[in-house]
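Asker: Quick one: structure below, then a few questions.
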Amino acid sequence: MLNPTEQPWAEFADRVAQELLEHGVSEAVLVTRNEKEDRITTNYFNCGFEKRCIMIGHLIEDLVMEIIDVNAEQIREILEREDDDL
C-alpha cells in the first residue's frame, strides 16, 4: 500500500491539510501535473468562472513578485540608470 508520508509531495500535502483544518476555505483550486504521464488535472471547490479568475490573479501576483525578487539587482540597475537620465 502507498504510504503518503513517503511521497515527495508529503510536506506540500501536510501544509494544505493544515490550512484547511486551521482556517477552512470558502473556495479552492488545485492544479497537479504528472510529467511522466503527461497529465495535468484541475480540481475546484466552490469556484465558478469569476472565483477562478480571482485565484488566477493571485497566482500571477505571486509569479510577478518572484520574478522581481529573482531579478532585483538587474531591476535596481535599470532604475538607477533611469534616475541618471533625468
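Yes or no, residue by residue, for (1) under 24 Å from V16 (Cα atoms); (2) modelled with pLDDT under 95:
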{"site": "I54", "(1), (2)": "yes, no"}
{"site": "H58", "(1), (2)": "yes, no"}
{"site": "E61", "(1), (2)": "yes, no"}
{"site": "I68", "(1), (2)": "no, no"}
{"site": "N71", "(1), (2)": "no, no"}
{"site": "R76", "(1), (2)": "no, yes"}
{"site": "L79", "(1), (2)": "no, yes"}
{"site": "L86", "(1), (2)": "no, yes"}
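Asker: With respect to the numbered conditions (1) out of contact with any strand residue (DSSP E or B) (no Cβ under 6 Å at 6 or more places or on another chain); (2) without any contact (Cβ under 8 Å) to a residue 12 or more places away in the chain; (3) surrounded by 10 or more Cβ atoms within 10 Å (Cβ to Cβ), which one is the sole condition not fulfilled by R39?
Answerer: Of everything listed in (1) out of contact with any strand residue (DSSP E or B) (no Cβ under 6 Å at 6 or more places or on another chain); (2) without any contact (Cβ under 8 Å) to a residue 12 or more places away in the chain; (3) surrounded by 10 or more Cβ atoms within 10 Å (Cβ to Cβ), R39 misses just condition (3).
Asker: Also, quick follow-up: Does C53 satisfy the condition of being surrounded by 10 or more Cβ atoms within 10 Å (Cβ to Cβ) and assigned to a loop (DSSP other than H, G, I, E, B)?
Answerer: no
Asker: Within the set of pairs 6 or more residues apart or between chains, which connect a residue that is farther than 15 Å from N43 by Cα inside the range 9-30 to a residue that is loosely packed, with under 12 Cβ neighbours inside 10 Å with Cβ atoms less than 8 Å apart?
Answerer: Close Cβ pairs satisfying both conditions: A10/P4; E19/V25.
Asker: Have a look at L59, L21, L30 and point out the one that is among the aliphatic types (A, V, I, L, M) and surrounded by fewer than 10 Cβ atoms within 10 Å (Cβ to Cβ).
Answerer: On the way: L59 fails: surrounded by fewer than 10 Cβ atoms within 10 Å (Cβ to Cβ); L30 fails: surrounded by fewer than 10 Cβ atoms within 10 Å (Cβ to Cβ).
Only one candidate qualifies: L21.
Asker: I need the full set of residues from the range 20-50 which are over 19 Å from A10 (Cα atoms), of a type in the set (D, E, K, R) and in a strand (DSSP E or B), in order please.
Answerer: Answer for the range 20-50, where residues must be over 19 Å from A10 (Cα atoms), of a type in the set (D, E, K, R) and in a strand (DSSP E or B): just R39.
Asker: Among (1) farther than 26 Å from P8 by Cα; (2) within 15 Å of the chain's Cα centre (by Cα), which single condition is E82 missing?
Answerer: Condition (2) is where E82 drops out.
The values are calculated or read from the model by the stated rules, or taken from the named source; none is laboratory data. Owing to the predicted nature of the structure, the values given are computational and were not obtained by experimental measurement. No Cβ is skipped: glycine too gets one built from the backbone with ideal geometry, and neighbour counts run over all protein chains shown.
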